[in-house]
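These notes are about the structure you will find just below.
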């Protein structure tokens, strides 16, 4: 069902970043569901987490451990360890401790991540039993396996790789992500792990990740639900021969632009694989009085079930888009100034359907798998983009039958 | 697909309120799509309208005409006259003028209402040609025909009737409403017309309607979309033998309670007939720190596609409810204090699944057609209720194929 799925890219190893995966039997199906990242003492690590008030236990623990110079990420799919009360925290700590003991580290240096069904206790024994295999497996070169190990309802593994050159030396950036439902602005059931061999301080890495997240993972939505578990991690091993990246430097600009690019591509892959998605919709709101306002209008359109079902039907029902703009809560918006486009076809102008618009022209655009909704508000100079997908029978099917 | 549909009730005539309907050919199907209410000079009329910034032309006109002691409501289904630019206003005025000329009134005394497809110009000639038949038809006793004439995707006509006694004299209240999709807090694609023979000033009638709407039509949601056209009208003919209803009187308390009761029942009928609905869900949020907070939490649950698809599947997926509460935007909410119930079955307590909860007990509740989600926040003493329905294959089907 994914929109424009591409093959998993060739992802070179990241010096110093080791990966191990295995099937711990957490999921019912036969697929890897346990993943460990290991990075050297020289590494720095940044992370952002879900804004859901009821974070899952692993999120609480990962947030706390981020301050202890982490060296391992312990990730499982198939069980979110969310809504599991005090036992959830005990279990999350237990798995971190199990890994630390096995590998000779401190449990505070392990960041745990879980994704999957909410409300079932974590099968800690299964994880403990599987960890020796993961640890004995650690190598720098199995990014596709890592991408597969974090999948839940995803239909394909998601990876992006990019190389930049700083002072004549290569710096490599690899990222993987998983969706696929509950994807929402402000972090949703998504996990994303990005690694680089760059040398950069933790504070600058965190700043870089925050900026990239705001314009990538926080600009996508599948169904408006925010998960209890989402996180995005950026690890920098420091093993590249390039010099340390410092703030206010040309190198930082190059590096942060590359991180943003990788993040945007990973975010887009999540939407392409949105549950039941048949269309990728880019909502570009321009001429807004502020970025906030532009995002507000774009997300109101993106969350409208009526807009999303119309796109599923390839129906150029511009009235629903206009109605969504109208209820976005922007004060003193003037209908007469609004113009709405499907790709380059103007569908709304002068307060109603554009005079030169034809259903045929709209239909041609709607039949595409990827569509841009352009909304010009006529209020200012700010532009923001939000990505979403359509709402299909399969979305209902996938979410109605998730636990059966 | 409606949940617990009941037969249309016996609705007695309202003295002084006359009704005429006909098939003007606005819809493709053979069904009445034009409705006129006529009330005497002694009558008062109150109304509330959609909060969508892009109101349809008839809404703008009805708002303006409300100040001119209206005597007629002119309602069509099948075409919303929304997103129709300047032509939309010209057309709405034309139909009001046509009716006024025919009936010997002023066009400012006509309130127009339209519901149906957005963005197509109103077929004013068809309406003009049909009006003589409607006017020659005006009688006090065809409420079911009126309820049928305003239907769009509704599967059954919706009516509620109630008689109260004031100073020994009967006062009758009749109401009709239509949904069925795009139903949202703060007025959605719903129209509701309530009539009574009570004698009451316009200002007090408006106050009464506002209070009733807030706790009825503004407490329901099907899909979170707000229409450009919705309205609720309350007409009082003044023909009852009961004395005029005055503010701060026992009679006002009785009357306003009855209007609220009728409004709540009409609102509930809209949700029961929500597009594709198979379940009626009452979300009762209690122990909130304010009414606003209670509504905020309830609506976040009500709008969650993940919660709604789980209910469609009769899946007691309490994790999704908990996740929705967590993203409702209430600050300093404590997970440990939250308790969540499906009817009387406690599913969440002490930060996770209630220890005594069993899937069997949850499943029994979920198999019902009507379910109460109770959320106790442990923060205060305020309680609010929001009604919604589940999200089914048929919701997608109805909205994907609406124009085909």
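The values are calculated or read from the model by the stated rules, or taken from the named source; none is laboratory data. What you see is a predicted model, and the numbers here were worked out from it, not measured in a lab. Glycine gets a Cβ as well: all are built from the backbone with ideal geometry, and neighbour counts include every protein chain shown.
Here residue A:279 fulfils each of the conditions (1) within 14 Å of chain B (Cβ to nearest Cβ); (2) free of Cβ contacts under 8 Å to residues at least 12 places away in the same chain; (3) more than 19 Å from residue B:228 (Cβ to Cβ) apart from (2).
From the list B:267, B:298, B:258, the one residue that fits, being touching a strand residue (DSSP E or B) at 6+ places or on another chain (Cβ under 8 Å), surrounded by fewer than 23 Cβ atoms within 10 Å (Cβ to Cβ) and in a helix (DSSP H, G or I), is B:258. Among the residues of segment A:153-183, those identified as within 14 Å of chain B (Cβ to nearest Cβ) and crowded, with 24+ Cβ neighbours inside 10 Å are A:179, A:180, A:181, A:182, A:183.
Yes/no matrix, rows are residues, columns are (1) in contact with a strand residue (DSSP E or B) (Cβ under 9 Å, 6 or more places away or on another chain); (2) outside the structural domain of residue B:145 (by TED's automatic domain parsing); (3) within 16 Å of residue B:196 (Cα to Cα):
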{"residue": "B:31", "(1), (2), (3)": "yes, no, no"}
{"residue": "B:41", "(1), (2), (3)": "no, no, yes"}
{"residue": "B:46", "(1), (2), (3)": "yes, no, yes"}
{"residue": "B:57", "(1), (2), (3)": "yes, no, no"}
{"residue": "B:61", "(1), (2), (3)": "yes, no, no"}
{"residue": "B:75", "(1), (2), (3)": "yes, no, no"}
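Any residue at all in segment B:288-295 that's within 14 Å of chain A (Cβ to nearest Cβ) and assigned to a helix (DSSP H, G or I)? Yes, because at least one residue in segment B:288-295 is within 14 Å of chain A (Cβ to nearest Cβ) and assigned to a helix (DSSP H, G or I). Of the residues making up segment A:220-255, those that are surrounded by 24 or more Cβ atoms within 10 Å (Cβ to Cβ) and not in a loop (DSSP other than H, G, I, E, B) are A:220, A:231, A:232, A:233, A:234, A:235, A:236, A:245, A:255. Would you check if residue B:302 is without any contact (Cβ under 8 Å) to a residue 24 or more places away in the chain and either assigned by TED's automatic domain parsing to the domain that holds residue B:394 or on the phi > 0 side of the Ramachandran plot (or both)? Here the answer is no, as residue B:302 does not meet what is asked. Evaluate the following for residue B:325: is it assigned by TED's automatic domain parsing to the domain that holds residue B:389 and under 19 Å from residue A:80 (Cα atoms)? Considered against the rule, which asks whether it is assigned by TED's automatic domain parsing to the domain that holds residue B:389 and under 19 Å from residue A:80 (Cα atoms), residue B:325 comes out as yes. Would you point out the residue of segment A:59-81, among those that are within 14 Å of chain B (Cβ to nearest Cβ) and not in a strand (DSSP E or B), that is surrounded by the most Cβ atoms within 10 Å (Cβ to Cβ)? It comes out as A:81. Taken over segment A:114-126, the criterion of being buried (at least 24 other Cβ atoms within 10 Å of the Cβ) and closer than 25 Å to residue A:104 by Cα is satisfied by A:114, A:122.
Here residue B:17 clears all of (1) in contact with a strand residue (DSSP E or B) (Cβ under 9 Å, 6 or more places away or on another chain); (2) farther than 28 Å from residue B:161 by Cα except the condition numbered (2). Of the candidates A:29, A:17, the single residue that is closer than 18 Å to residue A:148 by Cα and buried (at least 16 other Cβ atoms within 10 Å of the Cβ) is A:17.
In this structure, residue B:150 does not satisfy being closer than 24 Å to residue B:48 by Cα and within 14 Å of chain A (Cβ to nearest Cβ). A count restricted to segment A:210-219 and to residues that are touching a helix residue (DSSP H, G or I) at 6+ places or on another chain (Cβ under 7 Å), in a helix (DSSP H, G or I) and surrounded by fewer than 22 Cβ atoms within 10 Å (Cβ to Cβ) stands at 1.
Residues of segment A:82-126 that are in contact with a strand residue (DSSP E or B) (Cβ under 7 Å, 6 or more places away or on another chain), without any contact (Cβ under 8 Å) to a residue 40 or more places away in the chain and outside any helix (DSSP H, G or I): A:84, A:105, A:119. The criterion of at least 1 residues that are within 9 Å of chain A (Cβ to nearest Cβ) and in contact with a helix residue (DSSP H, G or I) (Cβ under 8 Å, 6 or more places away or on another chain) is met, among helices (runs of 4 or more DSSP H) falling completely within segment B:308-404, by B:318-326, B:393-400.
Only one of these conditions is not met by residue B:139: (1) surrounded by 19 or more Cβ atoms within 10 Å (Cβ to Cβ); (2) modelled with pLDDT of 95 or more; (3) in contact with a strand residue (DSSP E or B) (Cβ under 9 Å, 6 or more places away or on another chain). Which number is it? Going through (1) surrounded by 19 or more Cβ atoms within 10 Å (Cβ to Cβ); (2) modelled with pLDDT of 95 or more; (3) in contact with a strand residue (DSSP E or B) (Cβ under 9 Å, 6 or more places away or on another chain) one by one, residue B:139 breaks only (1). Would you confirm, using the coordinates I've provided, whether residue B:248 is more than 12 Å from every other protein chain (Cβ to nearest Cβ) and within 23 Å of residue B:378 (Cα to Cα)? So residue B:248 fails the test.
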